[in-house]
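I have placed the structure first, in the form of C-alpha cells, so that the comments after it can refer back to it.
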C-alpha cells in the first residue's frame with residue numbers, strides 16, 4: 001500500500017495543479033494491529049490506510065486508493 005501512496009503523490013506532484021489537486025492533501029498511516037485473539041493463531045499485523053479527500057475521490061469516481069491511482073494514470 002505504501003507503493004500505491006508513493007505513486008499517487010508522485011503523480012499529483014506533476015499533474016495536481018491541472019487537476020485542482022494537491023499532493024500534500026494525501027496521507028499515509030501505518031500502525032500495528034494486534035488483531036482479535038484466536039487460540040493457536042497469530043492474528044496481528046500492520047494496518048495501512050491512505051487518506052484521500054472525498055472531493056478528490058468524487059472527481060475521480062473512485063472508491064479506493066487503487067481505483068484513484070488508476071484514474072490518475074489515465075489523466
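Please treat every number below as a calculation from the coordinates, not as lab data. Just so it is clear, the model here is predicted, and its values are computed rather than measured. Methodologically, a virtual Cβ is constructed for each residue, glycine included, from the backbone with ideal geometry; neighbour enumeration extends over all protein chains shown.
For the chain, take the alpha-carbon Rg, divide it by the Kirkwood Rh, and send me Rg/Rh. Walk me through the intermediate numbers first.
Details: Rg = 15.3 Å, Rh = 13.6 Å.
Reported Rg/Rh (Cα atoms, Kirkwood Rh): 1.12.
Between helix 2-19 and the chain, what is the angle of the helix's C-alpha long axis to the longest principal axis, kept within 0 to 90° and rounded to the nearest 10?
That works out to roughly 20 degrees.
Sort 60-69, 46-55 for me by packing, meaning the mean count of neighbouring Cβ atoms within 10 Å per residue, highest on top.
In descending order of packing, they fall as 60-69, 46-55.
Normalising by the residue count of the chain, find the relative contact order in percent from Cα pairs under 8 Å and 6+ residues apart.
After rounding, I find 30 percent.
Quick one, what does Rg over Rh come out to for segment 31-75 if you take C-alpha atoms and the Kirkwood Rh?
Rounded to two decimals, Rg over Rh is 1.25.
Nearest 10 degrees is fine. How inclined is helix 65-74 to the longest principal axis of the chain, computing both from alpha carbons?
Computed tilt is about 30 degrees.
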